[in-house]
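The values are calculated or read from the model by the stated rules, or taken from the named source; none is laboratory data. Fair warning: this is a prediction, and the values are worked out from it, not measured in the lab. Heads up, the Cβs are rebuilt from the backbone with ideal geometry, glycines too, and the neighbour counts pull from every protein chain shown. These area figures cover heavy atoms from the full protein model, side chains too; ligands, DNA and RNA do not enter into them. Shrake-Rupley method; radii C 1.70, N 1.55, O 1.52, S 1.80 Å.
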Amino acid sequence: MRRCTAAAQRLLRPWGSRGALFQVARSCGHRRNLATESAASYDVDDDALANWNQLGVVGAGQMGTGFALAVLQTTPLEVVLHDIDTGQLENAERFIHRFLDRQVDKGRLLCSDVDEMKSRVQVTSSLKDFESVDFVLEAVNENLAAKERVFRDLSRVVSPESILASNTSSISVTKLAASSSRPENAIGMHFVIPVVLSKIAEIVPGLPTSRDTLSKTVALAKSMGKVPIVATDSPGFIAFRLLTPYINEAAQMVQDRVATVEDIDQLMRLGLSVPKGTAAHPVAERM
């Protein structure tokens, strides 16, 4: 068997043992799996989100800002964007405004449309401004303790009906749900960067996630123009579970001197139509 990279080991570490995960699920009072059918099974009425007015985003980095921008462009919802770093918030707001202004320059949007979108975004460094949000996407660093802390803090602020979603690409949603006071409202919602251009949303219900939470999250993804893909709460879900060994094999080939990084990527791009290649893939750089 091929040696695992440190990245693959980190992918599994937040999960712990299968028995530990079962204890988390049992503590929430659920032992079921909603991700046994396609997203089409969770269709809801067009007015399922009719009572929603505001979405919150925790983390104004590339992913959080991209999600906020995608929501502004595709839905009538207001967005509250949070970060503890005021400088990061200023950069995020500036990026959103510049991106929208460029759409006017390219003839894709009218000035009136852009002005309306800009009026619907609020930046803040206080979670107290999340009191009225109907859905929150947590997009902080891929760190279990940090994400659990966000879920605990949000549980004290948002309404009991609000959905708490994590943008995690690998951490157990069931574990994150257990850190919330409303585990049935917790879910995973992962996008590929850049969010505005990504065609899919990977949606991951944890063991305690309710069907209503899953259905509304699927509806939100569709309202954003994304194809929702429902995945089981397992290490790496779908995207990273496939991508990690894929990149690991490319790294092994470089180590075994089968080919250079440049040649592997050129073959993947030109021969197999993988736009970003493999060995030099942005995800691989983070690993």
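Numerical summary
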item	result
Heavy-atom accessible area per residue - region 183-270, 1.4 Å, Å²	45
Estimated inter-spin distance, residue 104 and residue 260, nm [label 7 Å along Cα→Cβ]	4.7
Cα centroid of region 55-81 to Cα centroid of region 163-220, whole Å	15
Principal axes of region 222-280: Cα extent on each, largest first, Å	45, 25, 14
Accessible carbon and sulfur surface of region 130-202 relative to its total accessible area, %, 1.4 Å	50
Kirkwood Rh, Cα atoms: Rg over Rh of region 135-174	0.94
Estimated FRET transfer efficiency when R0 is 22 angstrom, pair residue 97-residue 157 (beta carbons, to 0.05)	0.25
Radius, Kirkwood style, for region 109-232 when every pair of distinct Cα atoms is counted (Å)	15.1
Rh by Kirkwood over Cα pairs, then Stokes-Einstein D for region 89-131 at 1.567 mPa s and 4 °C, µm²/s	114
Whole-Å distance, taken between Cα centres, linking region 231-263 and region 97-151	32
Accessible surface of region 55-124 [probe 1.4 Å, protein heavy atoms]: carbon and sulfur percent	49
